[in-house]
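Structure first, then comments.
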Amino acid sequence: MSWKPNVEIGYLKDNLRKRANMIRCIRNFFYSLEVMEVETPIMSSASVTDIHLHPISLNIDWDDRKTFYLHTSPEYHMKRLLAAGFDSIFQITKVFRAMEKGSKHNVEFSMLEWYRINFSLDNLIDEVISLLKTIFKEHKFEVKKISYREIFEKFFDINPHKKIRLKDIKSIVASNIKNFPDNLDYQSYLDLLFSHIIEPSLKGNYFYFIYDFPAAQATMEKIDNVDGDMVAKRFELFINSIEIANGYDEMSDHNELKKRINTTIKRRKILCMPYINPDINIIAAHEHGLPKCSGVALGIDRLAMTLINTNEIKDVLSFTFDQA
């Protein structure tokens, strides 16, 4: 069978040219702020244990270690650099996640990740807005900042931080989503409502920042009391109903990090998910001392999709995973 390009070649070349210009713009933005560009390993002997991420493992017989992983993000290695004394840093790299396939997903994709020393989450959101305005200078977007609580109260008239009975959250899901799984926990039903009902509404000429997620969903971010609710100091950015970025006010307590990693390992076991070698180096880095910072991961491919106004990730990739 002869090979054919995934889309019409003239259209693809124009899109990839816009993508390349966007990446150059991103680099220039950080260079102008004197944020240092770094490179970190793509392959590691450990990985994240988050139940929502699916690392790709490699079997390599090297130095009595056989299981390695392609990174799902450069986060752990970048934080090790921060703990070693690096100032604000950024990186553009390929990352890999199994079970990522669809119009907005590819197993291999490009990520921009950066960390800013002594930045609050509000400082980081402002910097993301500055970056977006630099990239979308020919487009008119407005900024909307909405807390996770506010948007759940608007759509479902509940405070998601005050846990309700499981049968009650199921009733809300049943009223909004057909054929939903009947065996999920409270947080998973919140995720379902967010992804199926709230996300599709985040469209139009807006940069939507949803912030202060439930504390129970925290991974690497700080937890704080906001108006009587314990919340994870995190934001997600949406453009045209597409999640573009995920930012944290970074948690630095190594004991809390160890606790969270152990909790996710236990949850993976309960859910019959593959065992993942936890990264002891990231715990050691936190114990050594992670400086006060905030960080954000941004999907390059998805940002390019919004720039050229397409709903298909294949329109901004030279090759999709099934063509590789």
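Brief remarks follow.
- Packing around the peptides 287-297, 243-253, taken as the average count of other Cβ atoms within 10 Å per residue, puts them in this order, highest first: 243-253, 287-297.
- Loop-resident sites, the range 153-207, for trypsin sites (Lys or Arg not before Pro), counting at most 11 other Cβ within 10 Å (DSSP): K162, R165, K178
- Among the chymotrypsin sites (Phe, Trp or Tyr not before Pro) in the range 257-324, those placed in a DSSP loop whose Cβ has at most 13 other Cβ atoms within 10 Å are Y275, F319.
- In summary, the helical segments of the chain meeting the span-like criteria, namely a full DSSP H run, a Cα extent along the axis of 18 angstrom or more and a mean Kyte-Doolittle hydropathy of at least 0.0, are 121-135.
- Solvent-accessible area, 1.4 Å probe, carbon plus sulfur percent, for the chain: 50 percent
- Helix-derived mean residue ellipticity, 222 nm - over the chain, DSSP H n ≥ 4, -39500 (n - 2.57), to 500: -11000 deg cm²/dmol
- Over the range 236-324, accessible surface divided per residue gives 47 Å², non-protein components excluded, 1.4 Å probe.
- Overall form of the range 232-292 per C-alpha gyration tensor (a/c, 1.5; a/b vs b/c): oblate
The values are calculated or read from the model by the stated rules, or taken from the named source; none is laboratory data. Here the structure is a predicted model, which means the values were calculated and not measured. Quick reminder, even Gly has a Cβ in these numbers, built from the backbone with ideal geometry, and neighbours come from all protein chains shown. When the accessible area is computed, the model is the full protein with side chains, heavy atoms only, and any ligands, DNA or RNA have been set aside. Shrake-Rupley method; radii C 1.70, N 1.55, O 1.52, S 1.80 Å.
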